[in-house]
Amino acid sequence: MTNTTKATLSLLALAGVSPYKEKKGEEYMNENQIAHFRKILEAWHTQIVDEASRTVSHMQDEAANFPDPADRATQEEEFSLELRARDRERKLMKKIESTLKKLDTEDFGYCDSCGVEIGIRRLEARPTADLCIDCKTLAEVREKQMGF
Ligand SMILES: [Zn+2]
């Protein structure tokens, strides 16, 4: 659980918000909660956009010609790693964008598979989660089984 906790802290810190405190009897995914998650998702999105543009300028800076083929190979390897990282960033960005759109519908915060509430704590750790923890675990088990 350490990773989840860390992710929660950094995403919340990034957005400059504290963990959401529900009032007693508060309705799930009311306006305040939606606003809370919009803030987190927007801050996260901004961070990814920044990271992506840093990667590009880094690659432009580094795109010097190395006369030594060994240096060139190292550089190409670095670039392919960065490109893969960018690919992941782009996918994450899309996911964040579609989640931001989902915030405008009544579907946000509910499991896509079984419809239960995903829960505020889980969403704070992973705002793009679209499955509850049970369905997610099940999906992961299935994925692993398919891998064999
Ligand atoms: Zn579910």
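Mind telling me which of the residues L103, L81, L123, L92 ends up being open to solvent by 90 Å² or more (accessible area, probe 1.4 Å), more than 10 Å from the ligand (Cβ to nearest atom), of a type outside the set (K, R) and closer than 20 Å to I48 by Cβ?
Values: L103 fails: open to solvent by 90 Å² or more (accessible area, probe 1.4 Å); L123 fails: open to solvent by 90 Å² or more (accessible area, probe 1.4 Å); L92 fails: open to solvent by 90 Å² or more (accessible area, probe 1.4 Å).
It is L81.
Yes/no per residue for (1) among the polar types (S, T, N, Q); (2) assigned to a helix (DSSP H, G or I):
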{"site": "R72", "(1), (2)": "no, yes"}
{"site": "Q75", "(1), (2)": "yes, yes"}
{"site": "K95", "(1), (2)": "no, yes"}
{"site": "G115", "(1), (2)": "no, no"}
{"site": "C135", "(1), (2)": "no, yes"}
{"site": "E140", "(1), (2)": "no, yes"}
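Would you mention how many residues in region 106-120 are more than 10 Å from the ligand (Cβ to nearest atom) and of a type in the set (V, I, T)?
Residues flagged as more than 10 Å from the ligand (Cβ to nearest atom) and of a type in the set (V, I, T) within region 106-120 amount to 1.
Out of E97, E76, E140, E117, report the one residue that is open to solvent by 70 Å² or more (accessible area, probe 1.4 Å) and touching a strand residue (DSSP E or B) at 6+ places or on another chain (Cβ under 9 Å).
Values: E97 fails: touching a strand residue (DSSP E or B) at 6+ places or on another chain (Cβ under 9 Å); E76 fails: touching a strand residue (DSSP E or B) at 6+ places or on another chain (Cβ under 9 Å); E140 fails: touching a strand residue (DSSP E or B) at 6+ places or on another chain (Cβ under 9 Å).
Going through E97, E76, E140, E117 in turn, the sole match is E117.
Quick one: L131 ticks every box in (1) away from the ligand (no atom under 16 Å from the Cβ); (2) surrounded by 16 or more Cβ atoms within 10 Å (Cβ to Cβ); (3) not in a helix (DSSP H, G or I) bar one, so which box is it?
(1)
Which residues, counting only those in region 117-127, are in contact with a Leu (Cβ under 8 Å, 6 or more places away or on another chain) and either among the hydroxyl-bearing types (S, T, Y) or part of a helix (DSSP H, G or I) (or both)? Break it down into steps so the answer makes sense when it comes.
First, the residues of region 117-127 that are in contact with a Leu (Cβ under 8 Å, 6 or more places away or on another chain): 118, 124-125, 127.
Listed by number, the residues that qualify are E124, A125.
Could you grab me the full set of residues in region 19-37 that are hydrophobic (A, V, I, L, M, F, W, C) and either on the phi < 0 side of the Ramachandran plot or touching a helix residue (DSSP H, G or I) at 6+ places or on another chain (Cβ under 6 Å) (or both)?
So in region 19-37, the residues hydrophobic (A, V, I, L, M, F, W, C) come out as 29, 34-35, 37.
Listed by number, the residues that qualify are I34, A35, F37.
The values are calculated or read from the model by the stated rules, or taken from the named source; none is laboratory data. In this text, all values refer to a predicted model and were calculated from it rather than measured experimentally. Here Cβ is always computed from backbone atoms with ideal geometry, including for glycine, and neighbour counts include all displayed protein chains. When the accessible area is computed, the model is the full protein with side chains, heavy atoms only, and any ligands, DNA or RNA have been set aside. Shrake-Rupley method; radii C 1.70, N 1.55, O 1.52, S 1.80 Å.
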